[in-house]
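Rule-based calculations on the coordinates, nothing more; no lab input. Note that this is a predicted model, so its numbers are computed, not measured. Counting neighbours? That spans all protein chains shown, and the Cβs are built from the backbone with ideal geometry, glycine included.
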Amino acid sequence: MPAATYHLPHLRTLEAEAVHVMREVAAEFERPVLLFSGGKDSIVLLRLAEKAFRPAPFPFAVMHVDTGHNFPEAIEFRDRRIEEIGERLIVASVEDSIRQGRVVEQTGPRASRNALQTVTLLDAIREHGFDAAFGGARRDEERARAKERVLSFRDEFGQWEPQRQRPEVWALYNARIRNGEHARVFPISNWTELDVWQYIAEEQLEVPSIYFAHEREVFERDGMLYAVSPFIEMIDGERAFSATVRYRTVGDMSCTGAVESSAATLEQVVAEIAATEVTERGQTRADDRVSEAAMEDRKRQGYF
Amino acid sequence: MSTFVESSDEEARELFRRLTERPADLLRFATAGSVDDGKSTLIGRLLYDSKQVLTDQLEHVEQTSQRMGHDFLDLSLLTDGLRAEREQGITIDVAYRYFATAQRRFIIADTPGHEQYTRNMVTGASTADLAIVLVDARKGVLAQSKRHAFISSLLAIPHVVVCVNKMDLVAYDEAVFDSIVDEFDRFAARLEMSDVTFIPISALHGDNVVERSTAMPWYQGPPLLYHLEHVHIASDRNLIDARFPVQWVIRPPSSSVADYRAYAGQVAGGVMRPGDDVLVLPGGQRSTIAAIDTFEGSVAEAFPPMSVALRLSDEIDVGRGSMIVRPQNQPTVSGRFEALLCWMSERPLDRRRRYVVKHTTRTAIVGGLEVRYRIDVETLHRDERATALELNDLGRVRIELNAPLVFDSYRRNRTTGSLIVIDEATNETVAAGVILDTEVDELEPAPKSERSPNVRWQGTRMTRDRRWRALGHPGATIWFTGLPGAGKSTMAAAVEERLIVAGQSAFLLDGDNLRHGLNGDLGFDEAARRENVRRTAHVAQLIAESGTVALVSLVSPYAADREFAAKLHAGVELEFIEIFVDAPLELCEQRDPKGLYARARAGELAGLTGIGAPYERPEDPDLVLGTLEESVERGVERVLELLAARDILRDAP
Ligand SMILES: Nc1nc2c(ncn2[C@@H]2O[C@H](COP(=O)(O)OP(=O)(O)O)[C@@H](O)[C@H]2O)c(=O)[nH]1
């Protein structure tokens, strides 16, 4: 028996497991939805869905929660990608939630729509009757995520109750929920940032241009570089300058920091990540810096 | 602000090539230890010394260490998420961590070791290739270490590493390490554990974690990380029994792709290829694999853990919950089986509640759930009076479902042998279970052919009488039992030679030889030994039936197993002669022809009969041969006399 030759490299093992999760969820939930932001993690999700269900169409819709403060490059990419794969995109807009009075826009130089999108997301889930939402969160992103389940349950208010999470043994997922509840599903839980980039490179997936080094007007705040944009006010002492930067995550322009980098190709990005010395979140998400427990709190409120 | 290592195009390409081309595989391991054994420190040390700790995390550790007044880096802070929770009394669960070296990618399932958390260890261990059990050198093997070892063995984790930690606090003393190894081995001998490695470490100072320790020159083995990088895991998968649980049917609307229908799933066992004959269970339809599809196109073979889609050559009824297998190698299809459950819910097992079982991609309603016994995980004692299971209890149950499952025993296949139990009212996952192989694991012999009830014995026209008369002698089985080194094989071989030379067909079935092939998949725990005896008894019976004298040389330490062999022969009226080759343990140990005793004494071999496992002396054997006081020649004479008296010898020509 040439047993040892049946070797599956680690990325393909992670891929096979993620595909398994997607098929389980498609089979056991009534109305799943895949959340797609145009960011690298959700780009991987889309590819995994193709792997799981082609040549048939996805057995679920794709949805983006649009804050209205996204990078234009990301939105442009989002629409093009959806067009290419021939799937249906639902856009849930924070702008609409504000207009309808569901949420109130924050003001001031540190205003962000990050917290607001939770309400928009939950409203959309309710409106469309979704009972499972695929997201691209990974356990390596942040300490509070290290114990997150692949299937994470939310009550009828979208809240995450630590006590009510179910043990996950083997690859046997318990997908039972009650009316009104829903699950967040994280097929790439076990992937690291490097895995994601390596996968994007191996699969030759396109990503929005802001992930690569480019020239941009930025200013420095709290040790991070922010894009100069209509969505964020500069305060005294802050000064715009031009720098060669790239982004490690695609979030709102108002709260996503850039890193100085000259990595202009996928290979260089992978090489850079492999040699990186700072975690992705610690480096570029202002909202995670607010408090150590930031993530945990937001998770309870229904954020990813 | 952080700075990046500037990499030139050339360097980037090189690094990228190394990353993508190295055939890295994935090793999952679970860590278990009692509170304060140093588990967090060990994980922190692994991450830190293998350079996986990023600047911002390290700053946090430095600051906190200072704040706490330490003069060293408290690496346990890297993974202290759980500790904080423990103190606040909220969720305690499994936390996953990731790191990689040039050899492998690792996923750590970090499970809190508090004694209440059997459930967490089961969760973390369920998918583990390897378990690290931490033992504090000062405290020795505690009840909880035993619990961890027991759970590792129940969940069939293929590799166990016992890290004896805090060696710095016992002056790096070899004797302390040795006595812990001894004690652990004694306990492990009662369990089924195939690969146990012991490593003396100091997580705090880094000895033998990533770097070899200079403080323990007496330790010859590799440091922990080296072991993790090199332990052989490729053959832990079952590549023999083809098993493909269907998850989902891919059926595009005919407007896009005409007549396409494929069954999607993840290979749970075996290797599947286009052209293979297959059987779909539980329905029983047959077909052939027409193609194995992936997003990239068709592939020539699929093996675990690949996710693929199978197309079959026939239009048959296959849906989610079906399992595609090979006709000549079938799992069990039944709605009744026994399982070991780990109860995971605050609400105890209650037979009035409605439960469902999820197994592979099938779900069935529980009709009957009877607790046979509860197991005390520290003493391995069975409480037969138990009627319920509570949070963190382990127990053996009989389950009856309203629909059949398609399963293997967990020992045979971790995917097709595992299940969860869900409470229908709360949707909670209340238990995790492993399916037992009732024939092997059952103490009382299983009802005949329970697992293949539809297989009929093929009669032939040749009767025993005609056969034996034509050959000129009858067949029979002579069963030599006794301690390793007692002289069974020597005696049996000598008898074989005498019979053959005299023109009588005889054949030696040597236990060691059988373990190379037929019984090569079996270990040495009680269940495996029972199965070893069961198979050997069946082979001997067939040989005896063919008119040959089967000479079995097998330790066969348990009276019940030998009785099984005797009854098997009695059931078909074949002679069965039990010979007890009796030699004192001291003598066997002194002879030690295979060096087994020496290895057992050195702690390298767990469960050797006579040392780490019991031998039950036959109460009423047909013959006792004392190899201490009598010669081989004399013994052979006595065996032949007995055969003559029983009319088994060939009539002189
Ligand atoms: N002297 C010594 N102390 C250790 C060692 N490993 C851990 N410790 C200490 O033991 C205590 C408990 O360690 P920790 O890793 O938090 O244990 P956990 O509860 O198993 O995670 C801490 O004070 C550690 O510094 C070791 O190898 N030697």
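Brief remarks on what is shown
- In a simple Cβ point-charge model (Lys, Arg +1; Asp, Glu -1; nothing else charged), segment A:87-139 has a dipole of about 280 debye relative to its Cα centre.
- Per-residue Cβ neighbour counts within 10 Å put A:ILE200, A:ILE235, B:ILE157 in the sequence A:ILE235, A:ILE200, B:ILE157, beginning with the fewest.
- Gain on full extension, evaluated as 0.36 nm per residue between B:THR463 and B:ARG601 minus their Cα-Cα distance, stands at 44.6 nm.
- Net length gained if the chain between B:ARG650 and B:ALA403 were fully extended (0.36 nm per residue, minus Cα distance): 83.4 nm
- For residues of A:128-137, the mean tally of beta carbons on other chains within 10 Å: 0
- Dipole magnitude (debye, nearest 20) for segment B:559-609, charges at Cβ of Lys, Arg, Asp, Glu: 260
- Cβ-based net charge around A:ALA133, under 11 Å, with every Lys or Arg adding one and every Asp or Glu removing one: +2
- Average projected area [Cα convex hull, segment A:72-183], square nanometres: 9.9
- Between B:ASP512 and A:HIS7, the modelled label-to-label distance comes to 3.4 nm, taking each label 7 Å out from Cα in the direction of the beta carbon.
- Farthest toward the positive end of the dipole of chain B, out of B:PRO593, B:VAL267, B:THR627, is the Cα of B:VAL267, where the dipole comes from beta carbon charges about the Cα centre.
- Under a 5 Å amide H cut-off, with hydrogens placed 1.01 Å from N, B:ALA24 pairs with A:HIS10 among residues at least 5 apart or on other chains.
- Test item: Cα-centred dipole of the protein assembly as shown, Lys/Arg +1 and Asp/Glu -1 on Cβ, debye: 2560
- D_trans [Stokes-Einstein, Kirkwood Rh over alpha-carbon pairs] for the protein assembly as shown, 4 °C, 1.567 mPa s, µm² s⁻¹: 42
- Cα shape, chain A, gyration tensor, a/c 1.5 rule: oblate
- Per residue of peptide A:13-25, the mean number of Cβ atoms on other chains within 10 Å of the residue Cβ is 5.
- Lysine pairs within the protein assembly as shown, Cα separation less than 13 Å, 8 or more sequence positions apart or different chains: 4
- When chain A is described by a simple charge dipole with +1 on each Lys and Arg Cβ and -1 on each Asp and Glu Cβ, the residue from A:GLN165, A:THR67, A:ALA115 located farthest towards its positive end is A:GLN165.
- Taking all pairs of distinct alpha-carbon atoms in segment A:138-204, Kirkwood radius in angstrom: 13.4
- Remark: spin-label model distance A:ASP79-B:ASP620 equals 9.2 nm, labels positioned 7 Å along the Cα→Cβ axis.
- A Förster distance of 51 Å, applied to the separation of the beta-carbon atoms of A:GLU217 and B:GLU301, puts the FRET efficiency at 0.40.
- With θ taken as phi - 60° and the Karplus curve 6.51 cos²θ - 1.76 cosθ + 1.60 applied, the whole-hertz 3J(HN,Hα) list for segment B:330-342 is 10, x, 7, 10, 6, x, 10, 6, 10, 9, 9, 10, 10 Hz, x standing for glycine and proline.
- Segment B:GLU183-B:LYS139, extension gain: residue separation times 0.36 nm, minus the distance between their alpha carbons: 14.6 nm
- Near B:LEU508: Cβ cut-off under 14 Å, other residues only, Lys/Arg at +1 and Asp/Glu at -1. The net charge is -2.
- Signed unit charges on C-beta, dipole axis of segment A:86-213, positive-most listed residue A:GLY86, A:TYR199, A:HIS182: A:HIS182
- For chain B, the relative contact order works out to 9 percent when only alpha carbon pairs closer than 8 Å and six or more residues apart are counted.
- Taking every Cα-Cα distance in chain B and sorting them into 20 Å bins starting at zero, the pair-distance distribution P(r) comes out as 16, 42, 34, 8, 1 percent.
- Under 13 Å, Cβ to Cβ, from A:ALA243 - net charge with Lys/Arg +1 and Asp/Glu -1: -1
- Residue mean of other protein chain beta carbons inside 10 Å, B:93-105: 5
- A simple rule links phi to the HN-Hα coupling: the Karplus curve 6.51 cos²θ - 1.76 cosθ + 1.60 with θ = phi - 60°, which for segment B:354-363 gives 9, 10, 10, 10, 10, 9, 6, 10, 10, 10 Hz, with x for Gly and Pro.
- With neighbour counts taken as other beta-carbon atoms within 10 Å, the residues A:SER262, B:SER256 rank, fewest first, as B:SER256, A:SER262.
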